[in-house]
Amino acid sequence: DQQVKQNSPSLSVQEGRISILNCDYTNSMFDYFLWYKKYPAEGPTFLISISSIKDKNEDGRFTVFLNKSAKHLSLHIVPSQPGDSAVYFCAASDGSNFNKFYFGSGTKLNVKP
Amino acid sequence: EPEVTQTPSHQVTQMGQEVILRCVPISNHLYFYWYRQILGQKVEFLVSFYNNEISEKSEIFDDQFSVERPDGSNFTLKIRSTKLEDSAMYFCASSDPGEGRYNEQFFGPGTRLTVL
């Protein structure tokens, strides 16, 4: 039951360049999306969110884009920094239960100095 | 900054034994959750808890699982008879209803459960 998919298990980017992490979903009822960042030995930390009424949300170096027709969202980090190296999870929720989120399998980002 | 804490950080148990994983959510939060992540796989929702009862549970959360808020601060996950496939990282999370419809969930550092 892979309602949220992150097809790239890993991504390597040079410091200062843009990191683009992708996420696809299958449930058209999903209307709220989040990105979490996870360092080793720590729990996921909320990064940024977007609701389906928007197609873009920006917070500093982080921007999330939502393409509802393609059921696709992406997280852009620019410029990338070595401290951004972590596993990034996207998560989605539908209107039936705003407290239940479906997570993707994560993408491990490595930002090289 | 308030945070969710979990104990123990690592639990090793024999198959068939009962384990209790403990969590202390952020104090003013009202919604509590358990997730698990099997090594190399996605984070999976197990259960949400509000107003002293389960509000949502996944198909993973079968009769061998139970949750409890025994006092005003702790939130526990009990696995009655552990199986090898229960080996995973278990994350507790909590959230504040706030004014919005959706609530950012704050996660604890996780408990690694190893079933031998």
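The values are calculated or read from the model by the stated rules, or taken from the named source; none is laboratory data. On a predicted model such as this, the values are computed, not experimentally measured, just so you know. When we count neighbours, we look across all protein chains shown, and the Cβ atoms used for this are built from the backbone with ideal geometry, even at glycine. These area figures cover heavy atoms from the full protein model, side chains too; ligands, DNA and RNA do not enter into them. Shrake-Rupley method; radii C 1.70, N 1.55, O 1.52, S 1.80 Å.
One table, with the values for the structure above:
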{"item": "Residue count for the range A:101-113, restricted to those that are open to solvent by 30 Å² or more (accessible area, probe 1.4 Å), within 11 Å of chain B (Cβ to nearest Cβ) and in a loop (DSSP other than H, G, I, E, B)", "result": "1"}
{"item": "Positions within the range A:35-47 being open to solvent by 80 Å² or more (accessible area, probe 1.4 Å) and either touching a residue at least 12 places away in the same chain (Cβ under 8 Å) or out of contact with any Pro (no Cβ under 8 Å at 6 or more places or on another chain) (or both), in sequence order", "result": "A:P40"}
{"item": "Looking only at the range A:24-34, and only at residues there that are over 23 Å from A:K108 (Cα atoms) and open to solvent by 30 Å² or more (accessible area, probe 1.4 Å), the one that is nearest to the other protein chains (Cβ to nearest Cβ)", "result": "A:D31"}
{"item": "Hits in the range B:90-101 (condition: at the interface with another protein chain (Cβ under 9 Å from one of its Cβ atoms) and either modelled with pLDDT of 95 or more or open to solvent by less than 10 Å² (accessible area, probe 1.4 Å) (or both))", "result": "B:F91, B:C92, B:A93, B:S95"}
{"item": "Checking B:G108 against (1) within 14 Å of chain A (Cβ to nearest Cβ); (2) under 11 Å from the mean Cα position of the chain (by Cα); (3) open to solvent by 90 Å² or more (accessible area, probe 1.4 Å), the condition it does not meet", "result": "(3)"}
{"item": "Counted residues, the range A:48-87 - those being surrounded by 14 or more Cβ atoms within 10 Å (Cβ to Cβ) and of a type in the set (D, E)", "result": "1"}
{"item": "Residue list for the range B:35-65, restricted to those being surrounded by 15 or more Cβ atoms within 10 Å (Cβ to Cβ) and more than 12 Å from chain A (Cβ to nearest Cβ)", "result": "B:F65"}
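Yes or no, residue by residue, for (1) of a type in the set (A, V, I, L, M, F, W, C); (2) within 24 Å of A:W35 (Cα to Cα):
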| position | (1), (2) |
| --- | --- |
| B:E18 | no, no |
| B:S66 | no, no |
| B:F106 | yes, yes |
| B:G110 | no, yes |
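Conditions tested, residue by residue: (1) facing chain B (nearest Cβ under 10 Å); (2) under 15 Å from the mean Cα position of the chain (by Cα).
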site	(1), (2)
A:Q2	yes, no
A:S8	no, yes
A:L11	no, yes
A:N22	no, yes
A:Y36	yes, yes
A:A41	yes, no
A:I50	no, yes
